[in-house]
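Enquirer: First, the structure itself, so that you have it in front of you.
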């Protein structure tokens with residue numbers, strides 16, 4: 001059993017917003033003592049995407065084991081925990097309810113304070129784990145299956161969204177295009193891998209601009225352009241080069257994400273920029289931001305891939321900063337599937 005300083009703040013974090021059942025113990029907001037994730041990807045792959053009912057049932061089955069594993073890996077007991085943090089939105093309502101119910105039950109049984117955490121705040125906070133020097137304010141792009149947000153991080157837990165997607169999120173577009181070209185689910189990693197074999201300039205897919213807000217994103221037109229290209233090839237009896245389609249599509253997404261993000265960094269006068277969310281694990285996106293940020297003397301931060309996809313360590317970090325600000329939730333805490341940042 002690890003010897004803990006009595007002044008240490010240990011957060012037990014729970015994350016069940018989609019199809020990962022995750023628990024973590026985080027010490028003093030920056031040190032991850034454990035990070036246990038049970039992923040359901042293999043279960044949902046045959047359906048081509050996440051089936052909410054299946055996800056919820058699997059969370060119920062696995063959550064106690066995952067929490068026990070996190071405590072054991074961290075070398076601590078439940079009595080050592082300072083607060084319990086849990087994702088309460090946004091996400092799939094049934095999946096969220098499993099984590100929220102578990103966290104409330106643990107809090108009720110032990111008297112340990114309960115702290116609800118916003119999932120997107122967790123993704124942003126993932127950057128604090130490996131970059132101890134990173135502190136607000138800075139700009140952050142959150143790109144995932146459900147979100148494409150350009151965020152000004154004013155302080156820990158204090159955000160202003162300056163840009164968002166008007167339709168499909170970036171990760172959603174990756175999944176839909178991957179399915180259309182026959183790669184299957186999950187689309188993001190598969191397109192990232194296949195794109196390395198293709199020519200990103202082979203097909204001139206469009207880059208959408210949203211007139212009313214220069215920082216907003218729109219990916220549905222790009223997705224439609226890919227589908228139209230595939231249909232026209234099929235009608236003409238022409239074969240498609242999967243790698244070229246993947247690389248050209250990916251470059252169109254990356255160009256827009258990079259252009260809008262760095263425009264915001266310049267306009268707001270930031271010298272620090274971070275990315276977060278599942279799409280932040282994309283190797284080409286990281287490389288593009290590294291090049292552009294280096295050329296503009298902007299410090300660029302990103303989490304390791306394990307902290308980009310859904311995990312509880314990021315919820316523990318965000319939960320720590322909420323806890324020290326005095327945030328506490330009662331047993332009326334509920335899942336909020338469309339929770340606003």
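All of the numbers you see were taken from the coordinates with simple rules; none came from a lab. Keep in mind that this is a model prediction, so the values were computed, not measured. All Cβ positions, even for glycine, are placed from backbone atoms using ideal geometry, and neighbour counts span all protein chains on display.
Enquirer: Of 273, 219, how do they rank once you tally other Cβ atoms within 10 Å and put the fewest first?
Expert: So the ranking, lowest neighbour count to highest, is 273, 219.
Enquirer: Next up: Please state the shape class of region 37-129: rounded when a/c is under 1.5, otherwise prolate if a/b exceeds b/c and oblate if not, all from the C-alpha gyration tensor.
Expert: prolate
Enquirer: Right, here's the next one. Show that you can apply the helix-only estimate: for the chain, add -39,500 (n - 2.57) for every DSSP H stretch of four or more residues, divide by all residues, and state [θ] at 222 nm to the nearest 500.
Expert: Calculated from helices alone, the mean residue ellipticity at 222 nm is -13500 deg cm²/dmol.
Enquirer: So, one more: Where the centroid of each part is defined by its Cα atoms, how far is region 196-237 from region 39-68 in Å?
Expert: Measuring centre to centre over Cα atoms gives 32 Å.
Enquirer: If you don't mind, there's one more thing I want to ask. Nearest-5 percent of antiparallel DSSP beta bridges in region 136-302?
Expert: Given both bridge residues lie in region 136-302, the antiparallel proportion sits at roughly 60 percent.
Enquirer: Counting other C-beta atoms within 10 Å, which of 129, 41 has the fewest, and how do the rest follow?
Expert: Listed from fewest to most nearby Cβ atoms, that is 41, 129.
Enquirer: Follow-up. Please order 283, 248, 304 by the number of other Cβ within 10 Å, starting at the fewest.
Expert: Ascending number of Cβ neighbours within 10 Å: 304, 283, 248.
Enquirer: Sorting check: for 317-324, 17-24, which peptide has the highest mean count of neighbouring beta carbons within 10 Å, and how do the rest follow?
Expert: For the peptides 317-324, 17-24, the packing ranking is 17-24, 317-324.
Enquirer: Give the distance, in whole Å, between the Cα centre of region 295-333 and the Cα centre of region 247-283.
Expert: 19
Enquirer: According to the square roots a ≥ b ≥ c of the eigenvalues of the Cα gyration tensor, what is the shape class of region 136-302, taking rounded for a/c under 1.5, prolate for a/b larger than b/c otherwise, and oblate for the remainder?
Expert: Judged from the Cα gyration tensor, region 136-302 comes out prolate (a/c at least 1.5, a/b above b/c).
Enquirer: Restricting to Cα pairs below 8 Å that are 6+ residues apart, what does the relative contact order work out to for region 136-302? Please round to a whole percent.
Expert: Across region 136-302, relative contact order equals 26 percent.
Enquirer: Now for a different question. Rounded to the nearest 5, what % of DSSP beta bridges with both residues in the chain are antiparallel?
Expert: Around 60 percent antiparallel, to the nearest 5.
Enquirer: Please state the relative contact order of the chain as a whole percent: Cα pairs under 8 Å, 6+ residues apart?
Expert: Relative contact order of the chain: 25 percent.
Enquirer: What order, most packed first, do the peptides 120-126, 257-263 have when packing is the mean number of other Cβ atoms within 10 Å of each residue?
Expert: 120-126, 257-263
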